[in-house]
Ligand SMILES: Cc1cc2nc3c(=O)[nH]c(=O)nc-3n(C[C@H](O)[C@H](O)[C@H](O)COP(=O)(O)OP(=O)(O)OC[C@H]3O[C@@H](n4cnc5c(N)ncnc54)[C@H](O)[C@@H]3O)c2cc1C
Ligand SMILES: Cc1cc2nc3c(=O)[nH]c(=O)nc-3n(C[C@H](O)[C@H](O)[C@H](O)COP(=O)(O)OP(=O)(O)OC[C@H]3O[C@@H](n4cnc5c(N)ncnc54)[C@H](O)[C@@H]3O)c2cc1C
C-alpha cells in the first residue's frame, strides 16, 4: 500500500507518542505513528513499578499508567497509530521527501511518503556478546529486560538462584522483582567502583533485601552445559583486568545482564544520520534535527534517559520543531559548537544558537562531590553556573543556559572542584 | 519391540546426514540415531562453513585426497537441496619473503591435490580484489573454487531429503550399548529403546571412539581441538568478499576472516587441544588472539563489533599409542604400538568388525569432503556385503519450505515481499527484528521438527542478530507453544535441562 503523510513517527514509546501529540498541537494533522509491538507504550509497558511521572504529571505512576495517559491523548486526537508494524527501511527521495517502508501484520508491506521522520525507536540492551564474557553458552543467561518481560508480561519466572551482572536500573529493579517472586538473588556484580543505577534503586531494591553489591568486580567465567550452574566472580585491578587469584564462585541457575543500553540507530545509520560515538545517539541541532534534513530524533534513541518525564519533554520540543519544518518555518540561524571539557561525558545538543538561550542535557564521567558546573563563552561570558553536592553518571542533568551573545565563537561546558 | 534396519547410522551431523541421503538412493531400510534433540547440534553446528579450495591438507592423506572431489559436488548439491552456497574463493595472504615461500609450498601442494584455477596473485590485483586488506600485504595464493555455505542448513537439507526418501531419523536417542550378536548388531539407547541392524555406520563425531570401543575397536582416540569464533554485527558490512587466510605457521593454521554466506563477517577459529568433549567455553585469551590476528589481516576489524561468539570442537583422531593408552588404560589386548592411521586424518571405511563402518575423526575439511565421504561409506558397505539396489523412486530434490524474507529485503525486492504476504499473511509478522525473520519462516521450521530455540535459530537465523534474541525469545516461545502445544516452561534452548523459564507465576497473561 502507498500513503502520503506529513510526518512518520517511528516508535510509539513515550517519546514517539509525545512527539505525535506535540505535532498535533502544532497543527500538523496528517501524521502516522508506528510501533512493532502489539501495544503502544514502549518499554514502559513492562515497567510495572512506581516512579514515573513525578516531574511531568506531579504524581507517581507505574510505567503502564504513564503510557496510558499518552495513549488516551493519541486516541482523543485520533492520531493514526499502526501497531505490530515494523519500519524496515527509510529512503531519501529526489524532492527531499522520504519513503518509509513498513511491514505490518495487518496491512502487509507499505510505502509511506513523508516530509519528515521522527526517530523514536528507543534502546536495546547490551547483551553477552557485546561484552564478551568468557565461558560456556548454556540456557539461563538473559538481559534483565528480557527477564522483566517474561515476569511482568508473560508471567514466567526465568530462574530461582539469580546473579545479576551490572547495576543499571533495570538490573536493580529486577533484583527486587525476582526476590518478590520467590527467587534468591545472590549478588549484583558491578564493573565500576560506583553503581550504575539511581541511588534510590540501590536502597529500595538491594539494601532493603540484603542483596550484596560487589563494586569493581566482574564475572570472569560462566560454567554449565545445558543450564548455567556457576559464575566466577573476580575483583578488578585498576586496568579493569580480573584478578583471578582473588576470584570466588557463585552457584546460580540464572544470570541477568544489566550492562547498558544501546540506542537502536541501525535505521538511522542506513539513511545517513551521523552518530555521536559517546552517546551512540544522533548528532542533533537545537531543533533535534539530525544532519539529514527532515529527520529528527528524540527519547532514548537520541540519548539514554533515566527519567521518562524528560523523554516526554524532549519529544514535545521535537514535535514542535518538526511542525515548523513541515511548514517551512524552521529558521536556520547561526550555530556555534558547544565543547565539553573536564568531567563532562557528553552534552546534547552539540551546538548552540547565537542570540538564543538553550536547554542542555549532560552526564558526568564518574561520580564526584562538590562540583561546580559552568558554561562559558570563548570570551569568558558566563552563561550558567551551579554548585552540585554530588554528581553521578546515572543522573542526567538538564540545564537552561542564558542567551548566547553575538560574536561568540564557541561555548565551553565543564565541571570544576570548588 | 525391536526396530530392525539394514543400516543404522549413529550420529546426525553433516557426515551422518550425507551418508543417510546417499543410502536413501537404494532400496534399504535405514535409520539415523542422534543423541541430541535436533540434528546438526554437534560439531556441524559450530564451524567456519567454508567449502575449502583444497591446498591445505597433504596429498598423501585422506583429507588431501577428498577435499577437491568434495568441493566439486557442491554446485549440484546446492541445486538439488536448495541451501545457501556461494563460490566466493579463498586467499592465503603473505606479508614477508618467508611467507611468500610458504605460499609457493601451498601452491605446489594445491596443484598435487588438483585444486583448479589456483594462482599466486600480486599486491596490486590482491588489493583490487580486497581493498580492506592490510596494505602491507605482498601477495596471495588464490583459490577461486572455494566457497561458503550455511553448515546447519546444509545438514538440515540432507536430513530432510533423506527423510523424504524413506530414512528414519530419530533424535533424542543416545546409543549407550552396541553389541554384535550372531551377525546382527544390537543397540540399546539411553531411553532403553532397542534397535537392531545388519550394518552400523559410526558417524558420532567427537564420540566416534566411544562408539567404536563398544564393538572392541580401540585403535584410535578422538582428541577435541577447540576453536573459538566471533561473529560481527551485520552493520559492519562485507569487509571482504573472499575467505582470507594468513600463512600457516608451525603452530597454527591461523585466524581467518570469513564472509559468511548469510552476510555477517566471522573471525576465528583458534586451535587448542583439550581433553573435555563438552568444553564449549570461550576464553579471554581466545578473544584477544582472534582479534589480534584478524586485525593484522583487515585492520578495521574491531572486537567491539562482535555480537556473539561460539566454540567448535574438531574431532581430531589419533592412533598414537601413548595417547590412546592414557584414555583406554583398562584395555589389555592392545596390539602393537604402530599407529594405524595418519595422525589427525579421517578414519573412513571398513574395520576389523565386519559390518561396522567408520566415518570418524572427521575434522576440517569434513564439511567440504562430506559428499564424497558418503560415497566412500556406501562403497565400504558394498564391500562388506550389503546389496545396493537403486531405488528408482529416489527424489534428489529438496526445496526450502519457505523463502527467507531477509534475502528478499536485502535485494530490495519489495514486489516479491508483496507477493509473499499475499500468499501467506504470516510473512508480514516480523518475529526477529534484527535478522528480519517472519512468523512464516518460524512456523515452517517448527513444522519441520525444530522445536528448541537453538533449532529455530539454526533453521531461520532468528535470534542470531545484534540483540541476541532479547526481542524475539518470548515471541518464539509463544509460537512453539501455539504450534506444538508444548507448555512454555518445557521449551528448551537445546534439549532437556536447558529450559528457558522455570515456573509459570500465574495463569495466562495479565498485561
Ligand atoms: C527497566 C526500566 C526502568 C525504568 N524506570 C524508570 C522510572 O522508574 N522512572 C522513569 O521516569 N523512567 C524510567 N525508565 C526510563 C524510561 O522508561 C525510558 O527512558 C523511556 O521509556 C524511553 O522512551 P522511548 O520512547 O525513547 O523508548 P521506548 O520506550 O523504548 O520506545 C521505543 C519504541 O519504538 C519501537 N520501535 C523501535 N524500532 C522500531 C521500528 N523499526 N519500527 C517500529 N517500531 C519500532 C519499540 O517497539 C518501542 O515501542 C526506565 C527504563 C527502563 C528500561
Ligand atoms: C571450529 C571449526 C571450524 C571448522 N571449519 C570447517 C570449514 O570451514 N570447512 C570444513 O570443511 N570443515 C570445517 N570443520 C570441520 C567440520 O565441522 C566437521 O568435519 C564436521 O562438522 C563433522 O561432522 P560429523 O558429522 O562428523 O560430526 P558431528 O556434527 O559432531 O556429528 C556427530 C553426531 O553424533 C552424535 N552422537 C555422538 N554420540 C552419539 C551417541 N552415543 N548416540 C547417538 N548420537 C551420538 C552427536 O550428537 C553429533 O550430532 C570445522 C570444525 C571446527 C570445529
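Is it fair to say residue A:220 is in contact with a helix residue (DSSP H, G or I) (Cβ under 7 Å, 6 or more places away or on another chain) and within 11 Å of chain B (Cβ to nearest Cβ)? In short, yes.
Test residue B:234 against the stated conditions and say whether it is within 14 Å of chain A (Cβ to nearest Cβ), within 16 Å of ligand 1 (Cβ to nearest atom) and surrounded by 15 or more Cβ atoms within 10 Å (Cβ to Cβ). Explain how you work it out, then say what you get.
Values: within 14 Å of chain A (Cβ to nearest Cβ): yes; within 16 Å of ligand 1 (Cβ to nearest atom): yes; surrounded by 15 or more Cβ atoms within 10 Å (Cβ to Cβ): yes.
When the stated conditions are applied, residue B:234 passes them.
The rows are residues; the columns are (1) within 14 Å of chain A (Cβ to nearest Cβ); (2) at pLDDT 90 or above.
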{"position": "B:257", "(1), (2)": "no, yes"}
{"position": "B:271", "(1), (2)": "no, no"}
{"position": "B:281", "(1), (2)": "yes, no"}
{"position": "B:284", "(1), (2)": "yes, no"}
{"position": "B:290", "(1), (2)": "yes, yes"}
{"position": "B:297", "(1), (2)": "no, yes"}
{"position": "B:308", "(1), (2)": "yes, no"}
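Screening B:455, B:463 for residues that are crowded, with 19+ Cβ neighbours inside 10 Å, closer than 21 Å to residue A:227 by Cα and in contact with a strand residue (DSSP E or B) (Cβ under 8 Å, 6 or more places away or on another chain) leaves exactly one candidate, B:463.
Of all residues in segment A:286-311, those that are more than 21 Å from residue A:90 (Cβ to Cβ) and not assigned by TED's automatic domain parsing to the domain that holds residue A:397 have Cβ atoms under 6 Å from Cβ atoms of residues that are within 6 Å of ligand 1 (Cβ to nearest atom) and part of a loop (DSSP other than H, G, I, E, B), 6 or more apart or on another chain, in A:311/A:305.
Once segment A:244-270 is narrowed to residues that are in a loop (DSSP other than H, G, I, E, B) and farther than 15 Å from residue A:120 by Cβ, the residue that is nearest to ligand 2 (Cβ to nearest atom) is A:253.
Does residue A:315 fit the bill of being buried (at least 24 other Cβ atoms within 10 Å of the Cβ), touching a helix residue (DSSP H, G or I) at 6+ places or on another chain (Cβ under 8 Å) and part of a helix (DSSP H, G or I)? When the stated conditions are applied, residue A:315 passes them. Within segment A:29-39, if we keep just the residues that are near ligand 1 (Cβ under 7 Å from one of its atoms) and not in a strand (DSSP E or B), the residue that is nearest to the other protein chains (Cβ to nearest Cβ) turns out to be A:36.
For residue B:465, the criteria (1) under 18 Å from residue B:38 (Cβ atoms); (2) more than 8 Å from chain A (Cβ to nearest Cβ) hold in every case but one, which is (1). Here the strands (runs of 3 or more DSSP E) wholly within segment A:318-418 that include at least 2 residues being without any contact (Cβ under 8 Å) to a residue 24 or more places away in the chain are A:382-391. As a summary of the residue check, residue A:286 satisfies the conditions (1) within 14 Å of another protein chain (Cβ to nearest Cβ); (2) assigned to a loop (DSSP other than H, G, I, E, B) except for the one numbered (1).
Listed here are the residues, each with its yes/no results for (1) surrounded by fewer than 21 Cβ atoms within 10 Å (Cβ to Cβ); (2) near ligand 2 (Cβ under 7 Å from one of its atoms); (3) over 17 Å from the mean Cα position of the chain (by Cα).
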{"position": "B:25", "(1), (2), (3)": "yes, no, yes"}
{"position": "B:31", "(1), (2), (3)": "no, no, yes"}
{"position": "B:40", "(1), (2), (3)": "no, yes, no"}
{"position": "B:54", "(1), (2), (3)": "no, no, yes"}
{"position": "B:71", "(1), (2), (3)": "no, no, no"}
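When B:429, B:424, B:358, B:395 are checked against the criterion of being within 16 Å of ligand 1 (Cβ to nearest atom) and touching a helix residue (DSSP H, G or I) at 6+ places or on another chain (Cβ under 8 Å), B:429 stands alone in meeting it. Scanning segment B:364-400 for residues that are assigned to a helix (DSSP H, G or I), touching a strand residue (DSSP E or B) at 6+ places or on another chain (Cβ under 6 Å) and surrounded by fewer than 16 Cβ atoms within 10 Å (Cβ to Cβ) returns no hits. Of the residues making up segment B:408-431, not a single one is more than 12 Å from chain A (Cβ to nearest Cβ) and assigned to a helix (DSSP H, G or I). Residues in segment A:104-157 that are more than 7 Å from chain B (Cβ to nearest Cβ), within 19 Å of residue B:502 (Cβ to Cβ) and assigned to a loop (DSSP other than H, G, I, E, B): A:140 alone.
The values are calculated or read from the model by the stated rules, or taken from the named source; none is laboratory data. Please read all numbers here as calculations on a predicted model, not as lab measurements. Heads up, the Cβs are rebuilt from the backbone with ideal geometry, glycines too, and the neighbour counts pull from every protein chain shown.
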